[in-house]
Amino acid sequence: MADQGLIRETACAVVDKLKAGVITPLDCLDALEARITAVDDKVNALPTLCFDRARAHAKALMQKPVAERGVLAGLPVPIKDLTDVQGVLTTQGSPIFKDRIPEQSDLLVTHLEANGGVIYAKSNTPEFGAGANTFNEVFGATRNPWDTSRSAAGSSGGAAVALATGMAWLAHGSDMGGSLRNPASFCGIVGLRPGFGRVAHTPAVAVDRNLGVQGPMARNVEDLALLLDAMSGEYAADPISLPSPTTSFLAAARSGKRPVRVAYSPDLGITPVDPEVAAVTRKAAQRFTELGVIVEEAHPDFSEAHECFHVLRALDFAMSKAELLRTKRDLLKPEVIWNIEEGLKLTVAQIARAEAQRVAITARAVKFFETYDLLLAPATIVPPFPVENRYVAECAGHKFDNYVQWLGIVYAITLACCPALSLPCGFTASGLPVGLQVI
């Protein structure tokens with residue numbers, strides 16, 4: 001029987017054991033396989049497993065001296081089902097690709113494996129990552145482990161649930177309109193949307209496509225930093241990728257450095273927010289005062305965020321999926337069809353206006369951070385909602401115009417080009433997690 005005590009260890013502790021030779025990558029895979037067998041049928045987080053591939057990779061890694069096994073030293077990591085893994089079913093949550101097996105891995109996967117990550121599963125995602133509720137026609141819905149009648153959010157919902165249930169120590173995700181931050185908030189784990197270029201990946205559609213970025217998810221901040229160290233690095237194949245910083249992210253996370261002045265906003269001035277979520281996040285923000293940090297209520301001007309994001313997201317969908325609309329329309333979910341069609345209707349004048357708005361939003365954010373070290377806000381505006389609801393249609397009496405508008409509190413930060421973390425900060429009265437967005 002695999003050692004299930006390992007499951008409760010932090011990723012950093014498991015990597016220390018791997019580097020000390022106390023355990024092997026094969027021990028980790030055995031523990032995960034047993035845990036997935038026991039748990040995943042209740043939550044549906046990891047619909048595609050590749051343990052044979054993982055064990056072959058682990059055995060090859062074990063032929064190397066421990067010092068040459070990379071930052072992760074053989075620690076297993078699941079990959080979100082939007083990202084190609086060579087020889088492993090990669091569906092993007094779409095019936096169009098339900099049988100697709102890539103011949104080549106994404107650069108992100110190749111890089112993670114070179115840094116000692118062992119890929120053992122694909123985590124569930126909504127179709128093409130569209131919508132912050134993880135369900136699709138290929139694998140069905142992923143359920144929130146705190147209450148399986150509730151949504152795990154999305155689009156990195158499978159990754160967040162795998163972490164929360166002990167089916168992963170670390171997980172890969174991606175984020176355009178909060179796709180790392182929303183599920184982290186709903187599942188009580190940590191998710192980071194890094195800055196542009198921090199995590200290299202294979203360019204698709206456009207070299208500088210940057211509304212969406214790849215990033216790490218974990219159960220605590222130090223583990224998250226460890227995975228970011230393994231994910232970061234410069235590659236010619238991704239021309240906007242950045243070199244790894246001279247100080248590791250893990251060392252930075254352990255440095256004890258504190259901010260001097262932080263701002264808190266319950267709504268960034270642009271969205272309704274559930275009163276309970278506002279109360280939990282406000283209380284968490286005030287905890288900074290116990291460390292001697294000045295906390296003030298403030299935020300940059302994000303008034304153009306809804307219009308700007310609607311246009312740029314629609315443009316991205318048109319650029320990346322117009323051909324699928326032409327050839328496979330009957331296999332696309334209605335929200336994806338709507339988003340592509342919105343993009344195809346855009347004029348050059350609308351696109352130019354949205355790009356100018358983004359430049360202005362970013363400039364105001366840069367100015368704001370001359371005064372404040374951090375901006376704190378809810379990571380999501382509602383607690384986890386019923387899993388059968390496709391999206392949040394209204395909040396605090398306000399009805400939304402479309403399936404993404406309820407995500408303004410995260411996509412405003414996407415537009416401002418800021419790295420942002422979702423950090424567990426408390427629970428609702430009914431015991432559901434709430435995340436604090438740390439920007």
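The values are calculated or read from the model by the stated rules, or taken from the named source; none is laboratory data. This one's a predicted model, so the numbers in the text were calculated from it and none came from an experiment. Ideal geometry is used to build each Cβ from the backbone, glycine not excepted, and the neighbour counts take in all protein chains shown. When the accessible area is computed, the model is the full protein with side chains, heavy atoms only, and any ligands, DNA or RNA have been set aside. Shrake-Rupley method; radii C 1.70, N 1.55, O 1.52, S 1.80 Å.
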Condition first: among the β-branched types (V, I, T), assigned to a loop (DSSP other than H, G, I, E, B) and out of contact with any Asp or Glu (no Cβ under 6 Å at 6 or more places or on another chain). Now tell me which residues in segment 66-90 satisfy that. V85, V88
First in segment 17-37 and part of a loop (DSSP other than H, G, I, E, B), second anywhere and open to solvent by less than 70 Å² (accessible area, probe 1.4 Å) and not polar (S, T, N, Q), Cβ under 6 Å, 6 or more apart: I23/K17
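Give the residues of segment 188-232 that are of a type in the set (S, T, N, Q) and at pLDDT below 95, sorted by residue number. Working first, answer last.
Initial filter on segment 188-232 (of a type in the set (S, T, N, Q)): 202, 210, 214, 220, 232.
Within segment 188-232, just N210 meets the criteria.
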Filtering segment 325-352 down to residues that are open to solvent by 20 Å² or more (accessible area, probe 1.4 Å) and among the small types (G, A, S), which residue is nearest to L268 (Cα to Cα)? A352
Could you tell me how many of the residues in segment 198-223 are in a loop (DSSP other than H, G, I, E, B) and open to solvent by 10 Å² or more (accessible area, probe 1.4 Å)? 13
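In segment 317-357, how many residues are part of a helix (DSSP H, G or I) and in contact (Cβ under 8 Å) with a residue 12 or more places away in the chain?
In the first step, residues of segment 317-357 are kept if they are part of a helix (DSSP H, G or I); the result is 317-331, 334-344, 348-357.
After this cut, where a residue has to be in contact (Cβ under 8 Å) with a residue 12 or more places away in the chain as well, the list is 317-322, 324-325, 328, 331, 335-344, 350-351, 353-355, 357.
Residues flagged as part of a helix (DSSP H, G or I) and in contact (Cβ under 8 Å) with a residue 12 or more places away in the chain within segment 317-357 amount to 26.
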So which residues in segment 310-324 are under 16 Å from E127 (Cα atoms), open to solvent by less than 20 Å² (accessible area, probe 1.4 Å) and not charged (D, E, K, R), if there are any at all? A314, F317, A318, A322
Residue count, segment 138-180 (criterion: within 13 Å of N44 (Cα to Cα), open to solvent by 10 Å² or more (accessible area, probe 1.4 Å) and either assigned to a loop (DSSP other than H, G, I, E, B) or in contact with a strand residue (DSSP E or B) (Cβ under 6 Å, 6 or more places away or on another chain) (or both)): 7
Residues of segment 236-254 being closer than 16 Å to G215 by Cα and touching a residue at least 40 places away in the same chain (Cβ under 8 Å), in sequence order, are D238, I240, S241, L242, L250
Say whether the condition of being more than 19 Å from the chain's Cα centre (by Cα), modelled with pLDDT under 95 and either open to solvent by less than 70 Å² (accessible area, probe 1.4 Å) or not β-branched (V, I, T) (or both) is met by at least one residue in segment 398-416. yes
Is it fair to say L226 is under 13 Å from the mean Cα position of the chain (by Cα), surrounded by 24 or more Cβ atoms within 10 Å (Cβ to Cβ) and hydrophobic (A, V, I, L, M, F, W, C)? no
Could you tell me which numbered condition L242 fails, if it satisfies all but one of (1) part of a loop (DSSP other than H, G, I, E, B); (2) aliphatic (A, V, I, L, M); (3) within 24 Å of L170 (Cβ to Cβ); (4) open to solvent by less than 40 Å² (accessible area, probe 1.4 Å)? (4)
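Of all residues in segment 361-372 being over 23 Å from the mean Cα position of the chain (by Cα) and not small (G, A, S), which is farthest from R258 (Cα to Cα)? It would help to see each step written out before you state the result.
At the first step, the residues of segment 361-372 found to be over 23 Å from the mean Cα position of the chain (by Cα) are 363-364, 366-372.
From the residues that got through so far, the ones that are not small (G, A, S) too are 364, 366-372.
Details: R364: 24, V366: 20, K367: 20, F368: 18, F369: 15, E370: 16, T371: 15, Y372: 12 Å.
Looking at the filtered set, the residue picked out is R364.
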Which numbered condition P275 fails, given (1) surrounded by 13 or more Cβ atoms within 10 Å (Cβ to Cβ); (2) within 17 Å of F427 (Cβ to Cβ): (1)
Are any of the residues in segment 378-393 open to solvent by less than 10 Å² (accessible area, probe 1.4 Å), touching a Phe, Trp or Tyr at 6+ places or on another chain (Cβ under 8 Å), touching a residue at least 12 places away in the same chain (Cβ under 8 Å) and within 15 Å of L268 (Cα to Cα)? yes
